[in-house]
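Read through the structure below, which is laid out as structure tokens, and then see the notes.
The values are calculated or read from the model by the stated rules, or taken from the named source; none is laboratory data. Nothing here was measured: the structure is a model prediction, and the numbers come from that model. A quick note on method: Cβ atoms are made from the backbone with ideal geometry, for glycine too, and the neighbour counts reach across all protein chains shown. The protein model used for the area step is the full one, side chains on, heavy atoms only, and it has no ligands, DNA or RNA in it. Shrake-Rupley method; radii C 1.70, N 1.55, O 1.52, S 1.80 Å.
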Amino acid sequence: YQKAYVECFASPEKTNKLTRMVTDHASLNLYAVNKSGQELRVGVETGGVTALTWGAFPNREILQPTIFDPETFLVWAEEAFSLWSSMWLNLYDFESQSYSLVESIRDNYFLVAIIDNDFTKMPEE
């Protein structure tokens with residue numbers, strides 16, 4: 001089994017739109033954090049650790065699940081934001097538009113994770 005999961009960087013405006021969308025769908029959870037540590041959690045109960053993938057087969061234990069843990073997500077977010085500096089900014093000249101763009105993304109965007117907990121729902125065609 002597998003729940004739908006997406007993780008991406010999004011501008012504050014897009015993050016607000018995603019937050020409103022998730023609010024309208026009870027099966028969705030949204031976790032978001034920016035470089036400053038501002039957190040958004042929508043549709044999330046206390047704790048929040050959830051399995052994203054797992055396998056169940058006759059006469060066998062549940063196969064190794066992939067989980068989402070909000071605390072681990074925050075640790076990953078710190079690393080993800082640091083990569084904008086350590087990897088991407090190093091590719092461009094300090095005064096370039098590209099450098100300014102990467103710096104702006106690092107400083108303003110949110111790392112967003114959305115989980116759809118309705119893993120039994122069939123995709124619409």
Inset, instruction - Report whether or not residue 103 is farther than 24 Å from residue 28 by Cβ, surrounded by 15 or more Cβ atoms within 10 Å (Cβ to Cβ) and not aromatic (Phe, Trp, Tyr). - result: yes
Inset, instruction - Pull up the stretch 76-91, narrow it to residues that are surrounded by 12 or more Cβ atoms within 10 Å (Cβ to Cβ) and of a type in the set (Ser, Thr, Tyr), then point me to the one that is nearest to residue 22 (Cα to Cα). - result: 82
Inset, instruction - Could you pull out the residue among 73, 94 that is of a type in the set (A, V, I, L, M, F, W, C) and open to solvent by 100 Å² or more (accessible area, probe 1.4 Å)? - result: 94
Legend entry - Filtered residue count, the stretch 54-80, keeping only those that are over 24 Å from residue 26 (Cβ atoms), touching a strand residue (DSSP E or B) at 6+ places or on another chain (Cβ under 7 Å) and part of a strand (DSSP E or B): 2
Legend entry - Set 113, 51: member being modelled with pLDDT under 85, in a strand (DSSP E or B) and open to solvent by less than 90 Å² (accessible area, probe 1.4 Å): 51
Legend entry - Qualifying residues in the stretch 1-13 (those that are open to solvent by 80 Å² or more (accessible area, probe 1.4 Å) and either more than 14 Å from residue 112 (Cβ to Cβ) or at pLDDT below 90 (or both)) - the one farthest from the chain's Cα centre (by Cα): 1
Inset, instruction - Kindly provide the set of residues from the stretch 116-125 that are under 18 Å from residue 49 (Cβ atoms) and either assigned to a strand (DSSP E or B) or open to solvent by 100 Å² or more (accessible area, probe 1.4 Å) (or both), ordered by number. - result: 116
Legend entry - Subset of the stretch 14-36 [open to solvent by less than 40 Å² (accessible area, probe 1.4 Å) and either of a type outside the set (Ser, Thr, Tyr) or free of Cβ contacts under 8 Å to residues at least 60 places away in the same chain (or both)]: 19, 22, 28, 29, 30, 32, 33, 34
